[in-house]
Each structure stands twice: as structure tokens, then as C-alpha cells.
Amino acid sequence: MHISTVKRRGQIPAGKTLMRSRDGLWSRSALLSGLLALLLFLVPPLVAAAPNDAVQDAAPLLQRLDHAHWIAQGHGPHVLYVIFDPNCPYCHVLYDELQPRIQPDQLTVRYVPVGYLAPSSFGKAAAILEAKNPLAAIQKNEKGFNVTSHDGAIPEILPNTASTNALHSNMGILKATGQKIVPTLIYTRRDNTVKIIKGTPDQADLPAVLKEIR
């Protein structure tokens, strides 16, 4: 199984205040370099590759995905699993960029909902699963997504037992990939190996990613 890391599309805003050293003001570049070094030391990378021993063999993982609670879009022979949270801004970016490529690239995208990023995430994921038309529920969530507040548009609900169990099962699959990062893309490549991508691929890299799906 191959695990990839990808570029995240976000920025850490630079601080606007300067700190004072014993000899006077530090330069802005020195300050930012020091803060970045401290941040990298204290905070693990968002898209670091998961260790090999933290990932299950490909066959059991794919079997779990095949029987997971997912919502399909498209009818192509090339299957892409996307684990997403309804309040995830990177998932929203990926959703938008996949839309014009599903039919030309003959894709079937299987969206696997989880709910953990925000207090409302679990209830929104349940609302998608319990909807009469789950794909329409995803489309509603993404069409009205608030990119400023990172808030999906679908209203949260009180989950029933079935959707609660399904979401816990889906979260177990996400954990089995090694890290709780959304979106997580999983697919079988043309050489029959399984690839896991953590995070949203850079827009320029997405076509190549989709073309290697078996």
C-alpha cells in the first residue's frame, strides 16, 4: 500500500507584532523564522505520512470500504473513495474540483462521511446518511458551504442508532489509514496497488491522480 502526502491549500498568517530582544527590536524576518521553527517543533505536520505499521493491509481496508456507508456519484469504472467531514473546507475544495472531472474521467466517487471536526459535524454527517437522497444532501451541503466559517450548509440532526453506528464504523476506517485527516482519498492503481492520499491534492496534480485510478 502506498501512502502519499499532498500540498495543503492554506496559509498561516504572519504575526503583525514585533518582539523586543535585549539589544532592541528583532527583525521581522528573524522573528517569523523563529516562530516557524517553534511551530514545526511543537505541532506535527498536518499531512505527514502515516507509519507503515499503522496501516492495515490493502485487502482488509478495501473490503471495509466496499461495505462502508458511502454515497456514490458517477457511474464510471474507476472508483475513488473520499472520506470527508461536512465542515471540512479542504473537502469542499476537493468536491468542487472533482465535479467537472467525474464524467470525462469515467469516475465513480464514493463519499464516506465522518463527523469530528466541529461540534455540528456528527449531526450533519448523520443528516446526509439519513436523507431520502443522500447525494442531494451532499450537494446541498457543498453548494451552500461557508468558506469563511468552515461551515457546511446542511442542518445537523439528532442521529438515529443506524447512522450513529455507521459513522462510528466510517471513523474506524479513517483511523485504520493511520491518521485522522480529511479528506482522505483511497483508490486502487493500475498496477493493483492501493494508494492513500491525505489531504486535498494540489489542483495541478489532481488530473494525474485521477488518471492512475484503475
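List the relative contact order of the range 145-214 as a percent without decimals, with contacts defined as Cα pairs under 8 Å and 6+ residues apart. Please list the in-between numbers first.
On the way: 47 pairs, mean separation 14.5, N = 70.
Computed over the range 145-214, the figure is 21 percent.
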Item to check | Cross-link pairs beyond the 23 Å C-alpha cut-off, checked among 175/195; 175/198; 132/211; 143/175 | outcome: 132/211; 143/175
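Quick one: net charge around residue 79, please, counting Lys, Arg +1 and Asp, Glu -1 for every other residue with C-beta under 10 Å from its C-beta.
+1
Looking at the P(r) of the range 127-214, how many percent of alpha-carbon pairs lie beyond 16 Å? Before the final figure, lay out each step's value.
Values: 2619 of 3828 pairs.
Value for the range 127-214 (Cα pairs over 16 Å): 68 percent.
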Next on the checklist: Suppose the Debye formula is applied to equal point scatterers at every Cα of the range 59-214; what is log10 I(q)/I(0) at q = 0.11, 0.12, 0.17 Å⁻¹?
Outcome noted: -0.38, -0.46, -0.96
Checklist entry - Quick one: putting +1 on the C-beta of Lys and Arg, -1 on the C-beta of Asp and Glu, what dipole do you get for the range 88-181 around its Cα centre, in Debye to the nearest 20? => result 180
Item to check | Largest to smallest accessible area among 75, 67 [probe 1.4 Å] | outcome: 75, 67
Item to check | Calculated Rg and Dmax of the range 168-214 using C-alpha coordinates, Å | outcome: 11.7, 34
Item to check | Magnitude of the charge dipole, the range 113-162, Cβ model with Lys/Arg +1 and Asp/Glu -1, debye to 20 | outcome: 120
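The values are calculated or read from the model by the stated rules, or taken from the named source; none is laboratory data. If you're wondering where the values come from, they're calculated on a predicted model, not measured in any experiment. Counting neighbours? That spans all protein chains shown, and the Cβs are built from the backbone with ideal geometry, glycine included. Surface accessibility is based on the protein's heavy atoms, side chains included, excluding ligands, DNA and RNA. Shrake-Rupley method; radii C 1.70, N 1.55, O 1.52, S 1.80 Å.
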